[in-house]
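The values are calculated or read from the model by the stated rules, or taken from the named source; none is laboratory data. Values in this document were obtained by computation on a predicted structure and should not be read as measured data. Heads up, the Cβs are rebuilt from the backbone with ideal geometry, glycines too, and the neighbour counts pull from every protein chain shown.
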Amino acid sequence: MAYELPPLPYDYAALEPFIDEATMKLHHDKHHGTYVTNLNGAVEKHAEIGTKSPEELLKDLNSIPEDVRAVVRNNGGGHVNHTMFWQIMKSGGGGEPMGQIADQIKQDFGSFEDFKKLFNETTAKQFGAGWGWLVFDGGKLKVVTTPNQDNPISQGMYPILGNDVWEHAYYLKYQNKRPDYLAAWWNVVNWDEVNKRFATAKSR
Ligand code: MN3
């Protein structure tokens, strides 16, 4: 297998009560698992794809053979997005950001509260399935959304953090109340990991 489903870095119930155990089990094992399976299906048709990291695939989608380009975009995106997603959450996370990302958020958005408000409002409005992102682009932090499993890296922007607003991410617990899920999600953010991603973004 060229690509593998990474194990969840904590128990399925670790993010309770903000994200429930049943959602985590389905989301990681079934949804993320399927993206990896489908991405490997594309590698079976074009073995050369499998020599690249999933991020490299997304950085240059035009280089992907046309017959599997959409499969790689959707499932490679799903694999990269979810691998990041599990890592930027943790049990007992949340609170105020610290370190360099805290300073940059203050500089670019005014305050953490202003950033959170912008992120939640922007992401709540993403029509249908997609993601809300904090990206580093041109030396600045920005809030953007993408549809489906598109990753900002395909548009040259580095994702610092992202929240999944496909209904599979929240519907069991929050039903149609996406804003409630978005508000609760900040309680599980792993700011150490977000700082690591920010350091990577700056060094690119
Ligand atoms: Mn998902």
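Just a few scattered comments:
- With respect to (1) at pLDDT 95 or above; (2) more than 16 Å from the ligand (Cβ to nearest atom), the lone exception for Gly138 is condition (1).
- Test for Gln155: is it within 16 Å of the ligand (Cβ to nearest atom) and out of contact with any Asp or Glu (no Cβ under 6 Å at 6 or more places or on another chain): no
Per-residue answers, yes or no, for (1) among the β-branched types (Val, Ile, Thr); (2) touching a Ser or Thr at 6+ places or on another chain (Cβ under 9 Å):
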position: Val135; (1), (2): yes, no
position: Val144; (1), (2): yes, yes
position: Gln149; (1), (2): no, no
position: Ile153; (1), (2): yes, no
position: Tyr170; (1), (2): no, yes
position: Lys177; (1), (2): no, no
position: Asp180; (1), (2): no, no
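- If you go through the stretch 83-99 and keep only what is over 16 Å from the mean Cα position of the chain (by Cα) and part of a helix (DSSP H, G or I), you end up with just Gly99.
- Each residue in the stretch 14-60 was checked for being among the hydrophobic types (A, V, I, L, M, F, W, C), touching a Ser or Thr at 6+ places or on another chain (Cβ under 9 Å), more than 15 Å from the ligand (Cβ to nearest atom) and closer than 22 Å to Val165 by Cβ, and 2 pass.
- For Leu58: the one exception among (1) hydrophobic (A, V, I, L, M, F, W, C); (2) exposed (fewer than 15 other Cβ atoms within 10 Å of the Cβ); (3) under 25 Å from Arg197 (Cα atoms): (2)
- Taken as a whole, the condition of being exposed (fewer than 15 other Cβ atoms within 10 Å of the Cβ) and of a type outside the set (D, E, K, R) applies to Gly95.
- Hey, Gly162 within 16 Å of the ligand (Cβ to nearest atom), touching a Ser or Thr at 6+ places or on another chain (Cβ under 6 Å) and among the small types (Gly, Ala, Ser) or not: no
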